[in-house]
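Shown next, in structure tokens, is the structure this report addresses.
Just so you know, all these numbers are worked out from the coordinates, no wet-lab data involved. Treat the numbers as computed from the prediction; the structure is a model and nothing was measured. Positions of Cβ are backbone-derived with ideal geometry, glycine not excepted, and every protein chain shown enters the neighbour counts.
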Amino acid sequence: MKMKKSKASKSAANTAGRRSSSHAASSLKIAIAIMAAGKGTRLKSQLPKVLHEVGGKPLLEHVIGAATRVVPAKDVYAIIGHEADRVRAAMKHTGVGFVLQAEQRGTGHALMVAREALSSYDHVIVLSGDAPLITPETIGRLRDFHLEEKATMTLLSADLENPTGYGRVLRKGRSAEVKAIVEEKATTAAQKKIREINSGFYVFAVKDLYANIENLSTANAHGEYYLTDMAAVFGKARLRVVAFSTSNASEVLGGNTRAELVQIDEQMRMAKCRQLMADGVTIFYPATCVMDADVEVAPDTVIEPFVQLLGKTKIGTNCRIRSYCVIKDSVIGDGVMVRPGCIMEDARISDVAVIGPYSHLRPGSEIGEGAHVGNFVETKKIKLGKGSKANHLTYLGDAEIGAGVNIGAGTITCNYDGVHKHKTIIDDGVFIGSDSTLVAPVRVGKGAYVGAASCITDDVPADALALGRSRQIVKEGWVSAKNK
Ligand code: UD1
Ligand code: CA
């Protein structure tokens, strides 16, 4: 790359992701390779490491998300190996390319395998599939620093309180230049005290990388090709290796163990809670709440302890979500009260409705404005109209229920005949007495009444009273007669 220093430093100062790719990066072909082939032995899991979830998404999906904000998805390559088919299937929707590292012989080997995919690029940014907190801004800064320094290899380093487990950066004196990276297992007692660690994120000049990568050896504790050894290899070849130290050390955390995964998850959830609070949402005891990254909540809504808001859930203003609710992919309007212990998935709740305690709203439940759904009520694929009430011990499935309807305690829509599902239609203003069963397909017309404990198998016309039960029999004196 030929360019004057002044231009390059301008681009380094101009930080963020793709937009910063100003003069320096835009004339160059830059790829991102994400190392994601490892098994993750330390997790002791059937699931490949990079598919373990933090913040509600697989580790690798977070890294791909950051990468595709720096370069287009077509220039991002995930290097996969262990359970490759499973990883590929899970990440297919992201549109990135895949490189197969059939045998995992180390991080250096991962890049050897990617040679063909990467050889047409000028530079490659290398990320770790198990370090999901990296931001596009930091990747952009690392790239700009690499170009400005005209380096062959640039690594992102960080100063950690506890550097144990990470590779340590050996600098050439106090300069930006790096002599070598020493893996934890190979450190001397003195090197163990170095707090500057290798984050596992790098930028390489592609030609130099592949002209020298064959000089890596497997003479180390794991018998693997370490990508980190490229620092020393380039040093011998008199090529420039520099470290860019990030001030945001938490971004480099890797999820190698269950404990580290939980720590990363906690950090992401907390950041999300902080963002929601900054946007005007009250969250009591945020450490007990689980919020997924894409959740939206409007100001003046209050969230009580032990609430989970998952997936694409969206909540309006002035709602109160009481404790122990798990709400996934649901849309809740304004002024809604969700009492304790409710479970919702793919539900729509209109303004000022009241839900719970202990309601189970399954996919396709649409609850109308001001409607009430109470304790131990299960709904699935239903519309409950404006102001209608189903307050106690009820199952409503595959039903269209109008406005101003009262569903008595213990009502059941019998929607399933063992083979097919059928629909129940209940028109506006209907009153369903307690303990009724409505055997679908069936329709109860506008304003009709159904007497308590009825089994309704035939349509009920508007304005009618339907009784579907046997008449009560009273035998006077029966008990004493029996005991004679
Ligand atoms: C690596 C670095 C270490 C650094 C740390 C930061 C090496 C030798 N060490 O150690 O200096 O401090 O990251 O988190 O690189 N992978 C492959 N193919 C392989 C082996 C690994 O794709 O053959 C992938 C893994 O899936 C993982 C990433 O590379 O996503 C890093 O591998 P990992 O084994 O976690 O390296 P660390 O021991 O963390
Ligand atoms: Ca790691």
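Selection over segment 216-252 of residues that are within 15 Å of ligand 1 (Cβ to nearest atom), in contact with a Phe, Trp or Tyr (Cβ under 8 Å, 6 or more places away or on another chain) and outside any strand (DSSP E or B) gives a count of 7. A single member of Val203, Val242 is within 24 Å of Tyr121 (Cα to Cα), in contact with a helix residue (DSSP H, G or I) (Cβ under 7 Å, 6 or more places away or on another chain) and touching a residue at least 12 places away in the same chain (Cβ under 8 Å), and it is Val203. Which of the residues spanning segment 158-193 are away from ligand 2 (no atom under 16 Å from the Cβ) and part of a loop (DSSP other than H, G, I, E, B)? Result: Glu161, Lys172, Gly173, Arg174, Ser175, Ala176, Thr187, Thr188, Lys193. Just to verify a result, which residue in segment 267-302, among those that are under 13 Å from the mean Cα position of the chain (by Cα) and in a helix (DSSP H, G or I), is farthest from ligand 2 (Cβ to nearest atom)? Only one residue tops the list, namely Lys272.
Ser365 fulfils the conditions (1) closer than 17 Å to Ala466 by Cα; (2) surrounded by 24 or more Cβ atoms within 10 Å (Cβ to Cβ) except for a single criterion, (1).
One line per residue, one yes/no per condition, for (1) free of Cβ contacts under 8 Å to residues at least 40 places away in the same chain; (2) over 17 Å from Val124 (Cα atoms); (3) polar (S, T, N, Q):
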site: Leu155; (1), (2), (3): no, no, no
site: Val178; (1), (2), (3): no, yes, no
site: Glu184; (1), (2), (3): yes, yes, no
site: Glu196; (1), (2), (3): no, yes, no
site: Leu209; (1), (2), (3): no, no, no
site: Asn215; (1), (2), (3): yes, yes, yes
site: Gly223; (1), (2), (3): yes, yes, no
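Only one entry in Leu127, Leu133, Leu142 is away from ligand 2 (no atom under 16 Å from the Cβ), surrounded by 18 or more Cβ atoms within 10 Å (Cβ to Cβ) and either in contact (Cβ under 8 Å) with a residue 40 or more places away in the chain or assigned to a strand (DSSP E or B) (or both), namely Leu142. Do we have any residue at all in segment 146-156 that's over 27 Å from Ala271 (Cβ atoms), within 16 Å of ligand 2 (Cβ to nearest atom) and crowded, with 17+ Cβ neighbours inside 10 Å? Within segment 146-156, not a single residue is over 27 Å from Ala271 (Cβ atoms), within 16 Å of ligand 2 (Cβ to nearest atom) and crowded, with 17+ Cβ neighbours inside 10 Å. Here Val352 qualifies as over 21 Å from the mean Cα position of the chain (by Cα) and either acidic (Asp, Glu) or under 23 Å from Thr282 (Cα atoms) (or both).
Just so you know, in segment 201-215 the residues that are surrounded by fewer than 23 Cβ atoms within 10 Å (Cβ to Cβ) and over 17 Å from Lys150 (Cβ atoms) include one that is nearest to ligand 1 (Cβ to nearest atom), and it is Ile213.
Of all residues being aliphatic (A, V, I, L, M) and away from ligand 2 (no atom under 16 Å from the Cβ) in segment 242-266, which is surrounded by the fewest Cβ atoms within 10 Å (Cβ to Cβ)? Just the residue, please. Ranking the qualifying residues of segment 242-266, first place goes to Val242. From the list Asp428, Asp435, the lone residue that is in contact (Cβ under 8 Å) with a residue 40 or more places away in the chain, in a loop (DSSP other than H, G, I, E, B) and within 46 Å of the chain's Cα centre (by Cα) is Asp428.
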